1. Has segment 51-67 got at least one residue that is open to solvent by 60 Å² or more (accessible area, probe 1.4 Å), among the aliphatic types (A, V, I, L, M) and over 20 Å from F102 (Cα atoms)?
2. Scan segment 96-115 for residues that are open to solvent by less than 30 Å² (accessible area, probe 1.4 Å) and among the aliphatic types (A, V, I, L, M) and jot them down.
3. Which one is surrounded by the most Cβ atoms within 10 Å (Cβ to Cβ) among residues in segment 5-50 that are out of contact with any helix residue (DSSP H, G or I) (no Cβ under 8 Å at 6 or more places or on another chain) and of a type in the set (A, V, I, L, M, F, W, C)?
4. What helices (runs of 4 or more DSSP H) lie completely within segment 9-74 and have 3 or more residues being under 18 Å from A104 (Cβ atoms) and not β-branched (V, I, T)?
Amino acid sequence: LGRLRRLQGRPEEAEALYRRVLALDASRTQAKINLAHLVHEAGRTDEARSLVDDAARTPPTDPRARLALAEALALVGEFRQALAVADALPAALKNTEALPVFAAALQALGEGGRLKALVPSMRRAAVARPDVAARCCAKRG
């Protein structure tokens, strides 16, 4: 429901829902990650970083949840940690949906050689998943 409220442009309600989930079960990593995105968008970067750091202390086992963690780590500027989490993903995610994480992290870390090596994978992903290609090329700031 929190994701829905966020998509509906109701971030305050989404935040309240995520906080309620975490009050009931503080181990809900995905709720921490989603809340971190919300508070980051609201300009509360220290709070976002704290939520992501907390989520990273007990990494999820589900590959998609680990991808979400890698994305959140990159969001708050923890690029080396984001790379480590993304590197451990299954190849199917690593070579498609995780490419934006690799691109953002490698660019931020100034690792142009490794970034250049990803280009063939990005091209293949662009054919199969244009949404992923668009995220790889999105301006990071």
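1. No, there is no match, as no residue in segment 51-67 is open to solvent by 60 Å² or more (accessible area, probe 1.4 Å), among the aliphatic types (A, V, I, L, M) and over 20 Å from F102 (Cα atoms).
2. A98, L99, V101, A103, A104, A105, L106
3. A16
4. Filter on segment 9-74 gives 29-41, 45-57.
The values are calculated or read from the model by the stated rules, or taken from the named source; none is laboratory data. Quick caveat, the model's predicted, so the values are computed rather than measured. FYI the Cβ positions are ideal-geometry reconstructions off the backbone, even for glycines, and counts take in every protein chain you see. Side chains are part of the model used for accessible areas, which takes the heavy atoms of the whole protein and leaves out ligands, DNA and RNA. Shrake-Rupley method; radii C 1.70, N 1.55, O 1.52, S 1.80 Å.
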